[in-house]
Structure formats: structure tokens, C-alpha cells
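The values are calculated or read from the model by the stated rules, or taken from the named source; none is laboratory data. Computed from a predicted structure; not experimentally measured. Neighbour counts run over all protein chains shown; Cβ positions are idealised from the backbone, glycine included. What goes into the accessible areas is simple: the full protein's heavy atoms, side chains included, and nothing from ligands, DNA or RNA. Shrake-Rupley method; radii C 1.70, N 1.55, O 1.52, S 1.80 Å.
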Amino acid sequence: MNEMAVDYDGLIPNNVGLNADPRLRRALEQWHPSYLDWWMDRGPDGFQAAEVYLRTAVGVDQEGWAKFGYVRMPEYRWGILLAPQVEGRTIGFGAHKGEPAWQEVPGEYRAMLRRLIVVQGDTEPASVEQQRRLGATAPSLYDLRNLFQVNVEEARHLWAMVYLLQKYFGRDGREEAEDLLRRRSGDRDSPRLLGAFNERTPDWLAFFMFTFFTDRDGKMQLHALAQSGFDPLSRTCRFMLTEEAHHMFIGQSGVGRVLEATCAAMNKAGIADPYDTGSVRALGVIDLPTLQKRANFHFSATLDLFGSELSTNAANAFNAGLKGRYLEDQIDDDHVLTGATYPVLRLKDGQVVREDVPALSALNMRLRDDYVADAQSGIERWWNRIVERAGIDFRIALPHVAFNRRIGEFAAIEADPAGNIIGAAEWARRRDEFLPSADDDAFVASLMTPVHEPGKFASWVAPPRAGIDGKPGSFEYVRLE
Ligand SMILES: [Fe+2]
Ligand SMILES: [Fe+2]
């Protein structure tokens, strides 16, 4: 049988030969009803009977891996799809570099591997939960469809991780799979594992910022896991990355369209000063300083997802060959890193200083640096170009990595967005300059009224330049019941 052919007939579409593995199929079929309960209970609020123009993964070829069509979300075909196996693949880094990639779980690393899969898996349903109430205030049918596309794909990513747990980790894998449905974003007693996934996503600006900043963390983590010497994890993550690109596009173009609407309204009204926020807001668009503050919040919360700058866990996972660096296979070094160093920003005597530390202990920092560069380039190439073309004197800038942190070197101090260390009193006094104030949030909330007429868009966000799947922006992306 062609291993990559997707079996689309059974309950669970897959290219992992589920039919030939009755034990696994039973485990997944038992998990399925709890999953659907979770989706109905914690997934999108309302709209479950609406027909949504969604893409569904139907293969793993670079071309033609997805088909588009109207689907009711509970009937979405959440499948298990792995990228093709690479013949003769070897482990690319760490102590086992050069050995054949593992097709089974290496016993000595079982617990570490399970933890990596569970942490990744936990973020997927978490974001669906965070976004569950946004449907009610969508600024257009196009945006509503994009929200639901992200939601069903994050849920498919949950399936991807649950497949690994149930196939390779026996009974504790099944328990972990249940726990992934039991934890709840923001829940006091049983929260999601990582902080940023317990924050609220209260409005559409937060959704666009989240998909730009936090889905990009997902991209970095998936890239690092795609390098894994545990081949099934690598193949799973490689296919997930195919979907992830669209999530970041939604954030990048979403904030871009907000900037377009704001700049166009300012120019039309003859407002040159971006800080004249009262006049800008009166136009029904979001002022640029508020957009900057929202970016400050989402960026700093996302940096915490990378963990501590210096980490023995990260070093262990690398040495074990389980989690590599971003684009590990394109880096020109020995991929073992014994004796290598890496520069890290640290807090020394109340100052932010750069210090060379053992590269193995700085792997979180390195992944975070790659993340920052990736986010920075998106901001310059998309967001700031829009503002520049409109002739408005303003730039969205990333805050310093020491700003507003809860985890790592800078958790203990307060810094302004430029990275100057300030006292607690000054922080308290100036907080609303740096981060969205209650008033800013209330203003954004006041704009969140739903627009459900095909081709119409809320005042605060410009129409997209092109629609989805070659359709125009005015296409009826969601058929409401
Ligand atoms: Fe995901
Ligand atoms: Fe995503």
C-alpha cells in the first residue's frame, strides 16, 4: 500500500494506515466523542450549524494538499496526516547525531518526549478556547471564515498530537489525551500549561495580534520539533507547518488591514498627528498608539513562551536529539555544540548586559532570537510599509525583550519599551503609556459590532486585497443559518 495515500473513507481520515492498527483505531474512536463534546462545549460559540467555506487537508503533497468547500464545523474531517517519510533519514544533532532516526520511542527519553508532545498539544485546543466568543463580533464574513479556519486547524493539530500519544505511549498516552480535553484556558483550577494560552482574546484586534505573534511562536516550536530524531514527531510537525503559515497570514494581513483603515481615515480627515487619538477614534478606526500598545502586550506575553534564557531542559532535549534549533539542518556547525557559546542578554547588577554562555544552555534564547527576527521582518515588510505609503509619520516597533516579562532574566524587574530599567513606582505611573489601558480596551470593544453582509466590512478594518481560494472578498464565506 502507498503509505502516503490518504484514507478518506473511515471516521478518521488519515495517511498512517489506521485500518491496519485496530488497537490505535479503537483508542482514537473512543477519544472522538469526548473530543466532539469538547468542540461543542469549548469551541466556537454559536455558528455550529452555519456552512463555512473551509479548506480541509486531503493529502500531503506540496501542491493540492487541501480542498475547499462548505462544511458545518462539527462535520469537519479532522484527520491525521504526516509528511512523507524521508528514506534513510538520520538524527541531525545532539549525542545521537548520524544514527538512524527513531521510528519507535527511545526508552531512555520516553518521559521527556511525552512532555514535549503534551506541551505542544496543550496549546492547540487552548487557542480555540481563547477565541471561542469572537464569532459574535466578526467584522465581515471573510474574517469570520478565517477565524473558523484557524479554529478547525488548531483542533486538527490537537488530533496530530493525540495520535502520537495514543500510538506511541500506551496507557499514559491515553490519559494525557483525556487531560488535553480536560484543561481549560484561563481556568483557575485546571488551566492550560502555558501562560499566554490562559490570556483572554477579547476582541478581533487581539485575534489578529495573537495570530501574528503567538501563532508565530507555534511556528518556531514546530520547526524545532520538525527537526526531531523521533521521526513520527518530525513528520507530524512538518505537515502542521503547512497549515500554520495561513494562521500567521491572517494576523499579518489582519493588523495590516486595520492599519490601512486607520491611515486612510486619517488622511481623508486631514489628521497628520497620530497622537491626536480623540480625533482619530471619532472616525471609527483604531488609533496607531493603541495598536502599538497592543503589539507591546502580545509580543511580551509571547516571549514568555520560550521559557528561561538559560535552560537545562532545552539542553537535554537537544542532546537527546528530540528538539533541534530553528532550521537546524541549514545551520553550518557541528550540531553537537559542546564547547560552543551563544550571546545572551542577562541582568547583571541592575543592568542589561550581553554575555557569552554555553550554547547548549542557551537554546531557548536562540529560538527566541530567531522568533524576534521573524516577527521584526513581518512588521517592517507589511505593517510599516502600509503606514509609510500612507505618508503618516509613525512606525510600529517591537519593544525591548526586557519589557513586561513574567519568565526568565527580566521577570524580576520593570523596563520601559526601550529597555530602560525603571522602578515599580514609575512603571505603575506610566503603565498605560506602554500597555493598553482600560480606556483603550473599552474603545476597541466599542467598535466590535458584527458585519454579516457579504462584501461589507466594519469601519476599522479594510477589505482584503484578495479573498480565499481565488474567491473575491465579497464572496459569501459563511452561510449563516
Ligand atoms: Fe497549531
Ligand atoms: Fe496556528
Hits for the chain under the membrane-span-like helix rule (DSSP H, Cα axial span at least 27 Å, Kyte-Doolittle mean at least -1.0) are 110-130, 141-168, 204-226, 231-269
Equivalent ellipsoid, region 382-457 (semi-axes from 5 times Cα gyration tensor eigenvalues, Å)
32, 18, 12
Which lysines does LYS268 reach when only Cα atoms under 25 Å apart count, and residues fewer than 8 places away in its own chain are ignored?
LYS293, LYS456
Quick calc: nm separation of the 7 Å Cα→Cβ label points for ASP21 and SER446 -> 5.5
Are any of the pairs LYS97/LYS323; LYS97/LYS219; LYS219/LYS471 more than 22 Å apart by Cα-Cα distance, and if so, which?
LYS97/LYS219; LYS219/LYS471
May I ask you to order 402-408, 221-227 by the average number of other C-beta atoms within 10 Å around their residues, highest value first?
221-227, 402-408
Peptides ranked, highest mean first, by Cβ atoms within 10 Å: ranges 267-280, 466-479
466-479, 267-280
Output row, site ARG200, 7 Å Cα→C-beta label point, backbone N cut-off 16 Å, window region 122-146, residues 129-137
I want to make sure I understand the PRE zone here: with the label point 7 angstrom from the Cα of ALA390 toward its beta carbon, which residues in region 127-171 have backbone N atoms less than 20 Å away?
139-140, 143
Residues PHE68 and ALA272, FRET efficiency given R0 of 51 Å [Cβ-Cβ distance, rounded to 0.05]
0.75
Take the Cβ-Cβ distance between ALA264 and ASP179 as r, set R0 to 41 Å, and report the resulting FRET efficiency rounded to the nearest 0.05.
0.30
Those aspartates and glutamates that a straight Cα-Cα span of less than 16 Å connects to LYS348, excepting residues fewer than 8 apart in one chain
GLU309, ASP356, GLU409, GLU414
Roughly how many debye, to the nearest 20, is the charge dipole of the chain about its Cα centre, given +1 on each Lys and Arg Cβ, -1 on each Asp and Glu Cβ, and no other charges?
400
Helix-only CD estimate at 222 nm, as mean residue ellipticity for the chain, using -39500 (n - 2.57) per DSSP H run (n ≥ 4):
-15000 deg cm²/dmol
Taking every eigenvalue of the Cα gyration tensor of the chain, multiplying by 5 and rooting it, what semi-axes result, largest first, whole Å?
36, 31, 19
Write down the radius of gyration of region 249-297 and its Dmax, each obtained from C-alpha positions, in Å.
10.7, 31
Residue-level accessible surface for TRP65, protein heavy atoms, 1.4 Å, Å²:
30
Model label zone, GLU108; criterion: amide N under 15 Å from point 7 Å along Cα-to-beta-carbon; scope region 284-326:
316-322
Report the calculated FRET efficiency for ARG42 and ARG77 (r = Cβ-Cβ distance, R0 = 22 Å), to the nearest 0.05.
0.65
Counting only C-alpha contacts under 8 Å and six or more residues apart, can you give the relative contact order of the chain as a whole percent?
19
